[in-house]
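A.B. asks: Submitted below is the structure of interest, expressed as structure tokens.
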Amino acid sequence: MRHLTLRHLSALFLIVLFLVEIPSAFAQEELGIYEHLDEYISDDLVFTDELYNEINLKEAIDKPTVICLVYYECPGICSPLLNGLAEVADKSEMELGTDYQIFTISFNPAETPPLAGKKKKTYSKLVSHGDLENGWKFFTGDSTTIDQLLDEVGFKVKKEGKEFIHPASLIMLSPDGKITRYLHGSTYFLPFDLKMAIVEAAKGKSGPTINKVLNFCFSYDAEGKKYVFNVTKVSGTIILVLALSLLLSLVVKGNKKRKTAHFEKPEREREK
């Protein structure tokens with residue numbers, strides 16, 4: 001009986017893993033960050049800044065550059081990401097505009113320079129030192145250019161209605177446009193991590209990504225009244241809890257039966 005229970009336990013556990021992990025793996029296959037360390041961005045990527053200037057990214061990168069990919073009307077983690085970036089830029093001893101620069105780029109082709117300018121005004125106020133006018137640029141672009149950049153840096157997003165499911169990460173480029181580091185996260189970055197990323201990028205040296213835990217922005221499905229990307233995880237958690245409860249119940253019942261059988265047998269032998 002005990003051996004049978006353990007076999008059922010193992011089988012049920014494997015089923016739970018299949019239900020939780022496999023759908024999640026497929027859901028994330030097209031989303032997330034696929035790091036392209038030591039690769040270079042193309043020299044034909046032209047975006048429009050907040051002042052309607054058309055800027056060739058490769059030509060504009062003359063110092064270590066932080067690429068921050070967001071969309072400006074994001075209802076999720078884009079604002080916390082920009083807040084975290086502004087906070088670490090303010091705390092860092094590295095001088096924005098001199099030691100490094102930041103390019104915030106919208107991956108929503110429907111967004112325009114005036115919206116980019118509005119965002120620049122908001123976040124520039126959060127940094128107390130450095131050349132904010134020239135050191136932190138906000139860009140928009142057409143769908144072809146955006147897709148090309150996302151592909152080159154390994155940043156995979158998915159559009160859901162008017163919103164996007166996307167990861168949160170900062171991407172560091174060397175002065176010649178080489179990808180040297182990814183800083184994953186959405187709300188907080190350490191000044192030391194930023195400093196090291198800038199120093200390494202200045203030397204053209206790539207560094208390993210220690211924290212690879214990605215946060216995702218989930219778009220809300222008003223009709224279905226749910227967050228579309230969370231469904232798999234929530235369902236998987238519920239299934240896991242129920243399965244573990246069932247397993248625990250089976251084990252407890254098995255133990256009770258064995259104890260009952262153990263005590264009943266001597267009594268029967270004494271009666272004989």
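Computed from the coordinates by the stated procedures, all read-outs in this text should not be read as laboratory data. Since the structure is predicted, the reported quantities are computational estimates derived from the model, not experimental observations.
A.B. asks: Whole-Hz Karplus ³J(HN,Hα) for segment 178-189, in order, using 6.51 cos²θ - 1.76 cosθ + 1.60 and θ = phi - 60°, x for Gly and Pro?
C.D. replies: Karplus-based 3J(HN,Hα) across segment 178-189 equals 8, 6, 10, 6, 10, 10, 7, x, 9, 10, 8, 10 Hz.
A.B. asks: Determine the alpha carbon to alpha carbon distance for each of 119/162; 125/156; 63/156; 58/120; 118/162 and list only those over 23 Å.
C.D. replies: Violating the 23 Å limit, Cα to Cα: 125/156; 63/156.
A.B. asks: A further question follows. How much of the DSSP bridge set in segment 32-226 is antiparallel, in percent, rounded to the nearest 5?
C.D. replies: Taking every DSSP beta bridge with both residues in segment 32-226, the antiparallel ones total about 70 percent.
A.B. asks: Okay, next question. Please list, in order along segment 160-167, the HN-Hα scalar couplings obtained from phi with the Karplus expression 6.51 cos²θ - 1.76 cosθ + 1.60 (θ = phi - 60°), rounded to whole Hz, x for Gly and Pro.
C.D. replies: 10, x, 9, 10, 10, 9, 7, x
A.B. asks: Rg and Dmax of segment 32-226, Cα atoms, in Å?
C.D. replies: Answer for segment 32-226, Rg first and Dmax second: 15.5, 51 Å.
A.B. asks: Using modelled backbone amide H atoms (1.01 Å from N, in-plane), which distant-in-sequence or interchain residues come within less than 5 Å of residue 168's amide H?
C.D. replies: Those qualifying (amide H under 5 Å, at least 5 residues apart or on another chain) are 185, 215.
A.B. asks: Over what distance in Å are the Cα centres of segment 110-132 and segment 137-214 separated?
C.D. replies: 18 Å
A.B. asks: Under 5 Å between amide hydrogens, which residues at least 5 positions from residue 71 or on another chain qualify, with H placed 1.01 Å from N in the peptide plane?
C.D. replies: Sorted by chain and number, the residues that satisfy this are 107.
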